[in-house]
Amino acid sequence: MAEASVELFVVGAGPAYTDRLGATGAAYLVRSAATSILLDLGQGSFPRLTAGIDPSALDAILISHLHPDHFIDLVALRHYLRYGLATPRRMRVSGPAGLAGRLDALHAEPGFAAAALDCTDLAEGPQAIGDFVVEARLVTHTAESYAFRVATTGSQRGLVYSGDCGRAADLAPLIHPGDTLLCEVSFGPGPVPAGAQHLDGPAVGELASSTGIREVLLTHLQMGFDRDATIASVRDRFDGPIRIVDPGDRIGL
Ligand SMILES: [Zn+2]
């Protein structure tokens, strides 16, 4: 049976800060013919999102954790939904507990988020969103950080997105052989400094080879790390396709 066509549009692929021109916070659009979901919406990514889709047409947004480089442009989205459309619309947003309160605090305005965003608390496990089943799993990073597996109903192939993750083994239970792994590689070829809850290339390569990953997409590379050396550090342990993704990339899954 033919697999349904699913595309990943890389909206933003940056880390928390960078000197790389054009890099913006994490934001990944996954869409089938009928359903569009967004994983994270970090700093500066809202304008780029509008280049890929009318944001009001998203079926849902999932936020991996409450670091601003993964959610802060929900403020821009909230304003757009309220003021940028002929008829205001609302958006389903699933994230760690306290997300709406963080947004409200930015404006010191209770109900700021709820004016346009229907925020619900994420929990581990699967949820159906249109054509997709999205499975969330807690990973080591903040007190409540999630990784996601996104797959169309009945499909063997999925996309596993690490969010930010300090322990590669946390991702393994989400991965099915043949999946694509969209994975943070904050510390490039490594090593990860003690206490930093992020990954490096060797950890990603080991994970990919031990779980039967089909293709590795690297992201969230911090400034100062060499791209080629980062890819090589993954390739030492994984012999499938590897690339660093950039904003604007469209990748068939
Ligand atoms: Zn983070």
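Any read-out appearing in this document is the output of simple, stated calculations on the displayed coordinates, not a laboratory observation. Bear in mind the structure is a predicted one, so any value in this text is a computation, not a measurement. We place every Cβ from the backbone using ideal geometry, glycine too, and count neighbours over all the protein chains shown.
Below is a table of values for the structure above.
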{"quantity": "Nearest 10 degrees, 0 to 90: helix 74-83 Cα axis against the chain principal axis", "calculated": "30 degrees"}
{"quantity": "Of all DSSP beta bridges in segment 59-163, antiparallel share, percent nearest 5", "calculated": "70 percent"}
{"quantity": "Potential lengthening between Arg214 and Gln197 on full extension [0.36 nm per residue; Cα-Cα distance subtracted]", "calculated": "3.6 nm"}
{"quantity": "Stokes-Einstein diffusion coefficient of segment 1-73, Kirkwood radius over Cα pairs, 4 °C, 1.567 mPa s, in µm²/s", "calculated": "104 µm²/s"}
{"quantity": "Among Cys165, Ala113, Gln43 the positive-end extreme of the charge dipole of the chain (Cβ point charges)", "calculated": "Ala113"}
{"quantity": "Separation of the Gln127 and Arg250 label points, Cα + 7 Å toward Cβ, nm", "calculated": "2.8 nm"}
{"quantity": "Where labels lie 7 Å past Cα in the beta-carbon direction, separation of Leu138 and Ala97 in nm", "calculated": "1.0 nm"}
{"quantity": "Förster-model FRET efficiency, 22 Å R0, Ile53 and His79, C-beta, rounded to 0.05", "calculated": "0.80"}
{"quantity": "For Ser145, distant residues with modelled amide H under 5 Å away", "calculated": "Val139"}
{"quantity": "Exposed GluC sites (Glu not before Pro) absent - longest run of the chain, DSSP non-H/G/I/E/B, at most 15 other C-beta within 10 Å", "calculated": "125-253"}
{"quantity": "Arg227-Gln156 pseudo-label distance in nm [points 7 Å out on the Cα-to-Cβ vector]", "calculated": "3.3 nm"}
{"quantity": "Antiparallel DSSP beta bridges within the chain, as percent of all bridges there, nearest 5", "calculated": "55 percent"}
{"quantity": "Cα pair count fraction exceeding 17 Å, expressed as % - segment 184-253", "calculated": "37 percent"}
{"quantity": "Cα-based convex hull, segment 41-160, per residue volume (Å³, whole number)", "calculated": "108 Å³"}
{"quantity": "Mean projection area, nm², convex hull over Cα of the chain", "calculated": "12.9 nm²"}
{"quantity": "FRET efficiency, 1/(1 + (r/R0)^6) with R0 30 Å, evaluated for Ser5 and Ala86 via beta carbons", "calculated": "0.45"}
{"quantity": "Fully extended contour minus Cα-Cα distance, from Asp104 to Arg20, at 0.36 nm per residue", "calculated": "27.2 nm"}
{"quantity": "Distribution of pairwise C-alpha distances over segment 107-237, 10 Å bins, in %", "calculated": "13, 39, 29, 15, 4, 0"}
